[in-house]
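The values are calculated or read from the model by the stated rules, or taken from the named source; none is laboratory data. Just so you know, these numbers come straight off a predicted model, no measurement behind them. Neighbour counts run over all protein chains shown; Cβ positions are idealised from the backbone, glycine included. Remember, those area values only see protein heavy atoms, side chains included, never the ligands or the DNA or RNA. Shrake-Rupley method; radii C 1.70, N 1.55, O 1.52, S 1.80 Å.
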Amino acid sequence: MSESKDLIYAGKAKDVYETEKQNEVIVTFRDDITAGDGEKKDNLKGKGHCNSLISSKLFEVLEENNVKTQYIQLIETGSMLSKKLEMIPLEVIARNIATGSLLKRFPFEENQKLDPPIIQMDYKNDEYHDPMLNDEITIALGIATQEELDEIRNITLKINKILSEFLKEKGILLVDFKLEFGKDEEGNIVLGDEISPDTCRYWDIETLETLDKDSFRQGQDNVMDIYDQVCSMIVDEKDIERWEIQ
Ligand SMILES: Nc1ncnc2c1ncn2[C@@H]1O[C@H](COP(=O)(O)OP(=O)(O)OP(=O)(O)O)[C@@H](O)[C@H]1O
Ligand SMILES: [Mg+2]
């Protein structure tokens, strides 16, 4: 953490540090894991390392496809140099298959294919337990304008296409995922935060086995093995070797 300065924010699984540059931050991925609105907690050695490699790879894939992301570079394992964003308090969720909380709230069939995909936006606010929004509420709260919401939806659909195709090649079905966007200093909407097994549902394309945080939610005892497996499926071997924890 040689380049880091003050801690700006400590979240449930990541920290954000200031850097020498006003428009850059270091996002560090910790080993903490939480579920169920923060009620279930643990610390899994190596998880931060794994998530930083997976997120970096997926941000790179998106950048190659002209999606603006926070990603600048991984400076050491677990620490991602990123553009500093003014975060928009939305959890933008894309769903290709009906599972998880969607089944508790609506009469979808389990594992029903959702085509076109569902884009859902929740208010990122722990006090209110991240309630689902509609455009009118979001605009009335001053969270985003209609134009910004339209742009966020379009970018999310594009990201869904790019990542679904990329992960399919790696043997992974992208079931659903959560994104967070922010604005850079020029006011552009930029993808921030992370894209990892903490924030996505990945299923083995052949067996439909869980390859993400659902393993932790379900109380499995091999959660870290699963994260390591996904890391080796997504991240190039040379990068895994380069960033290997000593
Ligand atoms: N590029 C960025 N610039 C500034 N802040 C960022 C950037 N990317 C992510 N963030 C913010 O950093 C924080 C990361 O913390 P973390 O994800 O651990 O916890 P959390 O979002 O507070 O809680 P949780 O995600 O578990 O509900 C979040 O508040 C996120 O919005
Ligand atoms: Mg978060």
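Extension gain, Gln218-Lys41: 0.36 nm per intervening residue step, less the Cα-Cα distance, totals 62.5 nm. Computed over the chain, relative contact order equals 19 percent, with contacts defined as Cα pairs under 8 Å that lie 6+ residues apart.
Taking N as the number of residues in segment 24-130, what value does Rg over Cα atoms divided by 2.2 N^0.38 Å take?
So the Cα radius of gyration is 1.26 times the expected 2.2 N^0.38 Å.
So, in Å, what gap is there between the alpha-carbon centers of segment 38-116 and segment 13-37? After rounding, the separation between the Cα centres reads 14 Å. Of the DSSP H helices in the chain, those that are both long (alpha-carbon extent of 20 Å or more along the helix axis) and hydrophobic (Kyte-Doolittle mean at least -0.5) are 47-64. A DSSP coil position with no more than 12 other Cβ atoms inside 10 Å describes the following GluC sites (Glu not before Pro) in segment 1-64: Glu20, Glu39. Where in segment 32-59 is the amide nitrogen less than 13 Å from a point lying 7 Å along the Cα-to-Cβ axis of Ala10? Taking a point 7 Å out along Cα→Cβ of Ala10, the residues of segment 32-59 whose backbone N falls under 13 Å are 32. On full extension, the segment bounded by Ser101 and Met87 gains 2.6 nm, given 0.36 nm per residue less the C-alpha separation.
Ignoring lysines fewer than eight residues from Lys161 along the same chain, the ones with Cα atoms less than 25 angstrom from its Cα are Lys57, Lys68, Lys83, Lys113, Lys124, Lys170, Lys178, Lys183, Lys213.
Find the relative contact order for segment 1-49 and round it to a whole percent, using C-alpha pairs within less than 8 Å whose residues are 6+ positions apart. Display every interim value, and only then the final one.
Numbers: 85 pairs, mean separation 13.0, N = 49.
About 26 percent, as a whole number.
Rg and Dmax of the chain, both derived from C-alpha coordinates alone, stand at 17.3, 51 Å. Give the Kirkwood hydrodynamic radius (Å, one decimal) of segment 88-204, defined as one over the mean of 1/r across all pairs of different Cα atoms. Hydrodynamic radius (Kirkwood, Cα pairs) of segment 88-204 is 15.0 Å. Computed from label points 7 Å out along Cα-Cβ, the spacing between Ile137 and Gln73 is 4.3 nm. With all protein chains in place and a 1.4 Å probe, the accessible surface of the chain carries 45 percent carbon and sulfur. Solvent-accessible area of Cys231, all protein chains in place: 10 Å² (probe radius 1.4 Å, heavy atoms, ligands and nucleic acids excluded). Note on Glu64 and Asn23: the extension gain reaches 12.6 nm, defined as 0.36 nm multiplied by sequence separation minus the Cα-Cα distance. At a probe radius of 1.4 angstrom, the accessible area of segment 88-204 per residue rounds to 49 square angstrom. Surface calculation, 1.4 Å probe, protein heavy atoms: Asp228 sits at approximately 80 Å² accessible.
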